[in-house]
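I have placed the structure first, in the form of structure tokens, so that the comments after it can refer back to it.
What follows is calculated from the coordinates using simple rules that are stated; it is not laboratory data. What you see is a predicted model; the values in this text were computed from it and never measured. With ideal geometry, Cβ positions are generated from the backbone for all residues, glycine too; neighbour counts draw on all protein chains shown.
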């Protein structure tokens, strides 16, 4: 007699299709907007996320929202314009989770649309420090561990202002161009070491950056920067940028390195 063994079909587990299961991520500027959406989506996809921002109370709200998802969110209050806070945030992540697999440099500020003749040294230094120097320092901190692990992923949130000359004032545009340049340099320098680095260049996205970075706005600079706003098809949602950040952080984008992905509903295609 021939007997046929019975084998049960494997039980499908939701976690089996999670794109970031077991990964450790740092997301800056996570208290609102794109950073918040990225941190939450990463946690839903199984990542352990250290969410950085200055406003601890907003980060704690994010932690509550992420309760019950597959991953987790740990808040850490940090002012990324301060070297000490950057080092503390990195050390907290390593002490808590042992490593850093993904870094998302999202935190950024506007420059009140100041053209060069209205730009003070103080404003220039502050914008460059937050938008470019802080991502450099945090990337430098995580790369050492990534080199040891022979893997890692850095995602820089630039802007279409990093590709064009007048989407904001002088300091913001310079900082976002610099961020794209740094992205390309990191990507090629460490391409054979298992480390990838890409940039996302959003167009107009519904975030708080405009309200925070538009005090004492230059009327001349604002008029010039907004002269092409009528060609913008629509504003984006933070969640739309988060989806791109998930793609870049996952193995789905394993062959993409040094790219600047534009997400602007076709605005700069005009």
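At a glance:
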item: Rg followed by Dmax, in Å, when the stretch 147-195 is reduced to its Cα trace; result: 13.3, 40
item: Folded to 0 to 90 degrees: helix 56-65 orientation relative to the chain principal axis, Cα; result: 40
item: Equivalent ellipsoid dimensions for the stretch 129-270 as semi-axes, Å, which come from the Cα gyration tensor, largest first; result: 29, 17, 12
item: Value in Å of the Kirkwood radius, where the chain supplies the Cα pairs that are averaged; result: 19.2
item: Mean ellipticity per residue at 222 nm, deg cm²/dmol - from DSSP H runs of n ≥ 4 across the chain, formula -39500 (n - 2.57); result: -12000 deg cm²/dmol
item: Volume per residue that the Cα convex hull of the stretch 10-87 spans, once the total is divided by residue count, Å³; result: 76
item: Exposure proxy order (Cβ contacts within 10 Å, fewest to most) of 241, 157, 229, 109; result: 229, 109, 241, 157
item: Contact order normalised by residue count of the stretch 109-256, Cα under 8 Å, 6+ apart, percent; result: 32
item: Nearest-0.05 FRET efficiency for residue 116 and residue 231, computed from C-beta distance (R0 35 Å); result: 0.90
item: Over the chain, relative contact order from alpha-carbon pairs under 8 Å, at least 6 apart, %; result: 19
item: Computed Kirkwood radius, in angstrom, where 1/r is averaged over Cα pairs of the stretch 93-133; result: 12.5
item: Segment residue 96-residue 247, length gained on full extension (0.36 nm per residue, minus Cα span); result: 51.8 nm
item: Difference of contour (0.36 nm per residue) and Cα-Cα distance, residue 223 to residue 265; result: 12.9 nm
item: Least to most buried among 261, 244 (fewest other Cβ within 10 Å first); result: 261, 244
item: Shape category assigned to the stretch 43-109 from the gyration tensor of Cα positions, a/c cut at 1.5; result: oblate
item: Using alpha-carbon coordinates, inclination of helix 170-189 to the longest axis of the chain, degrees; result: 40
item: Label-point separation in nm, residue 256 to residue 150, each point 7 Å along Cα→Cβ; result: 2.6
item: Share of pairwise Cα separations in the stretch 57-188, more than 17 Å, in percent; result: 63
item: Within a Gaussian network of the chain (alpha carbon springs, distance under 10 Å), most fluctuating of 172, 42, 190; result: 190
item: The chain: angle of helix 33-44 to the longest principal axis, Cα-based, in degrees nearest 10; result: 10
item: Backbone N under 13 Å from the residue 193 label point (7 Å along Cα→Cβ), restricted to the stretch 115-159; result: 139-154
